Amino acid sequence: MSQKTKKKARTSFGATAPPFIDYLKDILRRYPDGGQILKELIQNADDGQATEVVFIHDERSYGTKSLWTDELEKYQGPALYAYNNAAFTDDDWEAIQRAGRSDKRNDPNKVGRFGIGFNSVYHITDVPSIFSSAHLGLLDPQEKIFGDRNGGYLWSLDDPEHQEALTFMHDQFQPFRDIVSLVSEQEWAKVIMEDQRFDGTIFRFPLRNETSEISDNLYDSDKVVELFDSFIADAEQSLLFLKNVTSVSLIHIDVHGTVNTRLKVISSVNTHVVLKSEDESVIDSLTRFKLITIHADAHRETKWLVTTCTMKEGIVDNLDALAEKLKFLPQVDLAFPCGERTDSSEGRLSCFLPLPNNESNKTGLPVNVNACFGLTDNRRHIKWEEEDQRHDEHAMWNELLMKEVLPHAYLTIIQDAIKLAQQAVLPVCSVYDLWPDIAKIEHKEKWGAVGLNVLSHFFSQDVALLSLAKDGRQFITLSEAVFPCNAPTSSEILAAIKNTLVSCGENLVTLPGPVARAIREACPVSSLTYVTPAFLRDILRNPDALNIPKDDKLCLLEFILSDGEYRELEGLQLLPLNDGSFRSFTDREEDAALMDSEEFPR
């Protein structure tokens, strides 16, 4: 192959799917403009194993004298940049040209679907360009810049002619020169001439300032600010479930070149607290704390308990078959915000990054739920088996994840929280905060049934989930527990019953309202032991029940009389006398006691 042919083969670069413009328009119609675009770029970075992502809104315009071709003049204005610290591989350079025919489809560890996700940037720009590893590439789906049938151009850092252009065409490459020095503090000349490689990736999206064949959606600075704002609204949750990215920044550069960081969000894992599942279970699980730190106008820090559960092979056949076919992982992650609680029903859905904050993506659960979900075309919702999607494999997959994997993951996060409460790492109340609240989920389409299924799973396992009244850090099973009475009762009577049962060594548990409600809804009452007047009378016949304070005895008497079974009082030392003492109820005549009243005064 001659040097000339070789060079031609190398510079030919562009998106190759047939009538690409029509295909692009269709994607933009289905695919939302807005904060989702930034999320797609973060997903692509996460897939490339980057740990850092920086978005830069640059309002500067650059010179137009030394350009590769005059057609590039109109793209020297304000732009959005996306930097990450992972370099493109040869496969990535191939894949970005075949945008839409995804290269990630067979790798369940890769989050995005490279083609479609990346193409959402055409909402913003007509000519995205990429600088990474040994190339700088520019995509031109309209084929207007480099001549017909040329969908772009690729400059190579090891090509002497290209090196010269990259070094001396100041105006053309100044935007990249500035951003390289901002994000990596490297000298452009050294990167191009000596290293012949950039160890990271910079995307440049010149903002569309006139309508084009691709879109009539004009993008000005206000729209980029909106893009940043919508990301900031979800910033706290954006790094919870990513595999590699631990830092995202939003930077603004004004027309004078003044740099201002609007936001930096960082996630870190506490390596001192790691709980792993025992081998014999049906899932592999891992629980740890994630700290999310937000640097913006104010500094904020939130701590999350995050559990990851993967269903082992051979447990659910349908799940195995779909996992193999769709190349998805049968894994569910749950994240629970520790510390000050705002609203325990704010749980959101994520598919590695938070799905849009709309009603259908709020579950009513106190945890955020993440999984490799099958999503609708516009990637805004997860699919369910509705009438029209009865045989949709993605919808079937989602149903199976929620029915089979979620209950195990949910039980795991609660059991791990119990272990942490017993080690005084978490407050005991956090354990109960984790429980689904029936009242918050029953009105949510789909999630009411999912929540009940989770609770049924809890109760079928009969594991220790309930905290003892006498020692909050001791947990027992439902079958061992004595539950506070179901009937409406005054707080004084409840306190007296609690003191008595605890001093008699009974397994009384204390339950917040939502947990008591969950147990009533999802567990057969016949199998549980509740405090009733009959139960309490039996306890009071116990020799241990002697030293009960006077006020408590009066409260206990009121409670055990409430079912009208007066014959059952015999032998109970709860008959109050005038001198303040108590004696037993008996049916012997010599023990008769006088009770004065208005009709029969003393």
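The values are calculated or read from the model by the stated rules, or taken from the named source; none is laboratory data. Keep in mind that this is a model prediction, so the values were computed, not measured. Positions of Cβ are backbone-derived with ideal geometry, glycine not excepted, and every protein chain shown enters the neighbour counts. SASA here: full protein model, heavy atoms, side chains in, ligands and nucleic acids out. Shrake-Rupley method; radii C 1.70, N 1.55, O 1.52, S 1.80 Å.
When the Cα convex hull of the chain is projected onto planes of every orientation, the mean area is 37.5 nm². The relative contact order of region 495-602 comes to 22 percent, based on Cα pairs under 8 Å that sit 6 or more residues apart. The residues of the chain expose, per residue, 46 Å² of accessible area to a 1.4 Å probe. When you restrict to C-alpha pairs under 8 Å that are six or more residues apart and normalise by the size of region 234-303, the relative contact order lands at 28 percent.
Ranked highest first by average number of other Cβ atoms within 10 Å, how do 209-216, 477-484, 409-416, 365-372 line up?
Working: 209-216: 14.0, 477-484: 17.1, 409-416: 23.6, 365-372: 25.1.
Ranked from most to least packed, the peptides come out as 365-372, 409-416, 477-484, 209-216.
Taking every C-alpha pair closer than 8 Å and separated by at least 6 residues, the mean separation divided by the residue count of the chain gives a relative contact order of 10 percent. Straightening the chain between Glu385 and Ala495 buys 34.7 nm, computed as 0.36 nm per residue apart minus the Cα-Cα spacing.
Can you give the Kirkwood hydrodynamic radius for region 163-224, in Å, rounded to one decimal and based on Cα pairs?
Values: mean 1/r = 0.0731 Å⁻¹.
Evaluated on region 163-224, it is 13.7 Å.
Max-minus-min Cα coordinates of region 459-592 on each principal axis give 55, 27, 25 Å, with the largest extent listed first. Centre-to-centre separation between the Cα atoms of region 240-317 and those of region 112-160: 31 Å. Element breakdown for the chain at a 1.4 angstrom probe: carbon and sulfur atoms account for 48% of the accessible area. Could you tell me the center-to-center distance, by alpha carbons, between region 459-531 and region 54-90 in angstrom? When both Cα centres are located, 64 Å separates them.
With 20 Å as the cut-off, how large is the P(r) tail for region 259-319, expressed as percent of Cα-Cα pairs? Don't jump to the answer; show the numbers that get you there.
Values: 896 of 1830 pairs.
That fraction is 49 percent.
Each label was represented as a point 7 Å from its Cα along the Cα-to-Cβ direction; for Arg541 and Ser181 these points are 9.2 nm apart.
What are the equivalent ellipsoid semi-axes of region 179-303, built from the alpha-carbon gyration tensor (square roots of five times its eigenvalues), in whole angstrom, biggest first? Write down the numbers at each step before the final one.
Working: eigenvalues 251, 93, 61 Å².
Those come to 35, 22, 17 Å.
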